[in-house]
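First up is the structure itself, then whatever we jot down about it.
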Amino acid sequence: PFCLPLLVCKASVLSRLCYVACLNSGSAYLCAALVWRLANCASSDFPSVVVVGLGKKNAGVNDQENWDEDKENIRAAVAVGCRQIQDLEIPCVEVDPCGDAQAAAEGAVLGLHEYNELKQKKKPVVTPQLHGSAGNEAWQKGVIYAEGQNLARYLMEAPANYITPIKFAEYIEQKLGNFASNVKVHIRPESWIATQQMGAFLSVAKGSAEPPIFLEIHYLGGANANDSPLVFVGKGVTFDSGGISLKPSSGMDAMRADMGGAATVCSAIVTAAALNLPLNIIGLAPLCENMPSGKANKPGDVVRAKNGKTIQVDNTDAEGRLLLADALCYAHNFNARAIVNAATLTGAMDVALGSAATGVFTNSSWLWNHLYEASIVTGDRVWRMPLFEHYTKQVTDCPLADLSNIGKYSRAGGACTAAAFLREFVTAPHWAHLDIAGVMANKDEVPYLRKGMAGRPTRTLVEFAARLSQDSHNPK
């Protein structure tokens, strides 16, 4: 097949340039002042070239932006160049490492991904490859990281009738099939959930005709199977109508991605297995739909969680925290080194941070530092949010039960009161709640992601796990 290499230009220009060369010719034109498609080039091997600006040389870590600017520039530039090649309908692209082969691979693989499973007319498939042999190991690592995020994007983008709770679980089980020697997958049915006394989770699930599933994954990558694991917990509402507290119809279709927490943590574990990371990881994903019916939760109902605490369901559209409450209680069975949950939990998180960063609520500065350092490398940023007692009082001041699921003042500090609610089900000293509602979808904010579900922060979770596997320190 025709292939095209991406070459770094060392010409005396103010900005760095990447050349993406192709084997078919075309007319020269200027695109967005950053990308040129050049015809009739001197090279007989590559008669056409795409030129992409890489920005300032040796930009490094930007302390104000909280990311590595070099890596982000490379990801964006390579993604733009590869899409230009895709427009030329060339099936293979060779990419220069650009000084950071992992970032280049991530840009290529993330930038070319698009969900078109259900369309008859599809864009041509382009396979990115490394040009030359230098940096091959880093390139392969970048491909694996990007494919992990693309897996989460796929799950989040797929229609809710294609990704039901059981289909989600089976798809992840299939993806982990290649790692059967050190991965165990348990697809727990509704009867098992009931025996675990997960009353909060079941109260949400009962409104739907789709039966709930509790997905449990054990990745045993550590030297000792008994080593304390990292536990990931992900909210898995495969469609969220709001229940009796019905959402507006406009934009409700996007709630097929309300299982983004489960998608990102499960994809992170698939990626960890592909990388053969040397640590144990357990993944927990309560999966169900939130639907209105004669069996659904009603505003004012009181349900009992696994730890015995009662919850007044004042708003049935604040359902994700009910699933997580029981899953977090269950997570304490594993003597976890750290517990990290991810959830598209609150619209208030989107209001607070938008799509710039994932909001992190944690009781552990040690855990926060690891997450923050990982996010600088991946460019998928995190921002620490408060877990003040101020918010706890708002969810515990409840007339009928131990807790209210929306808090005393409803909208005020909604992301913070949701985190305070979850903390009532956590006794572990190292726990973090990642509210990913604001980063669920991409419009045009991240240049190396197409419009659609973003799969964030999968790569940050993977990088966090990789760094944790190298850290022997386990603070109390």
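I want the local charge near residue 173. Using Cβ-Cβ distances under 14 Å, sum +1 for each Lys or Arg and -1 for each Asp or Glu among the other residues.
+2
Over 21 Å between C-alpha atoms is what I'm after, so list which of 71/141; 167/235; 167/247; 175/451; 295/408 land there.
In this structure, 167/247; 175/451; 295/408 exceed 21 Å between Cα atoms.
With runs of 4+ DSSP H residues as the only contributors, calculate the mean residue ellipticity of the chain at 222 nm using -39,500 (n - 2.57) per run, divided by the residue total and rounded to the nearest 500.
Value at 222 nm, helices only, nearest 500: -10000 deg cm²/dmol.
Using +1 at the C-beta of Lys and Arg and -1 at the C-beta of Asp and Glu, which of 278, 244, 51 has the Cα lying farthest in the positive direction of the dipole of the chain?
Most positive-ward Cα: 244.
Would you mind working out the magnitude of the charge dipole of the chain relative to its Cα centre, with +1 at each Lys and Arg C-beta and -1 at each Asp and Glu C-beta, to the nearest 20 Debye?
Charge dipole of the chain: 320 debye, to the nearest 20.
Could you run the Debye sum over the Cα atoms of segment 71-203, one equal point scatterer each and no solvent, and tell me log10 of I(q)/I(0) at q = 0.09, 0.10, 0.21 Å⁻¹, two decimals?
-0.39, -0.47, -1.21
Give me 252, 385 sorted ascending by neighbouring Cβ count inside 10 Å, so fewest comes first.
Listed from fewest to most nearby Cβ atoms, that is 252, 385.
Just going by the charge dipole of segment 346-434, with Lys and Arg at +1 and Asp and Glu at -1 on Cβ, which of 394, 372, 382 is farthest out on the positive end?
It is 394.
Using 1/(1 + (r/R0)^6) with R0 = 35 angstrom and r between the beta carbons of residue 61 and residue 182, what's the FRET efficiency to the nearest 0.05?
0.50
Please sort by residue number the GluC sites (Glu not before Pro) in segment 418-476 whose DSSP state is loop and whose Cβ has at most 14 other Cβ atoms within 10 Å.
445
If each residue's Cβ is checked for other Cβ atoms within 10 Å, how do 92, 266, 82, 329 rank with the fewest at the top?
Starting with the residue having the fewest Cβ neighbours, the order is 92, 329, 82, 266.
How long is the gain from residue 120 to residue 298 if the chain were fully straight, where each residue apart is worth 0.36 nm and the alpha carbon distance is subtracted?
59.9 nm
Where in the chain are the helices, taken as whole DSSP H runs, whose Cα atoms extend 24 angstrom or more along the long axis and whose Kyte-Doolittle mean reaches at least 1.0?
Helices meeting the span and hydropathy rule in the chain: none at all.
What residue among 152, 118, 99 has its Cα farthest toward the positive end of the dipole of the chain, where the charges are +1 on Lys, Arg and -1 on Asp, Glu, each on the Cβ?
Working it through, the farthest residue towards the positive pole turns out to be 118.
Starting from the eigenvalues of the Cα gyration tensor, five times each then square-rooted, give me the equivalent ellipsoid semi-axes of segment 148-469, largest first, whole Å.
Sorted largest first and rounded, they come to 26, 21, 21 Å.
As a footprinting exposure proxy, order 250, 208 by other Cβ within 10 Å, with the fewest listed first.
250, 208
Any read-out appearing in this document is the output of simple, stated calculations on the displayed coordinates, not a laboratory observation. This structure is a prediction, so every number in the text was calculated from the model and none was measured. As a convention, Cβ positions derive from the backbone with ideal geometry for all residues, glycine included, and neighbour counts pool all protein chains shown.
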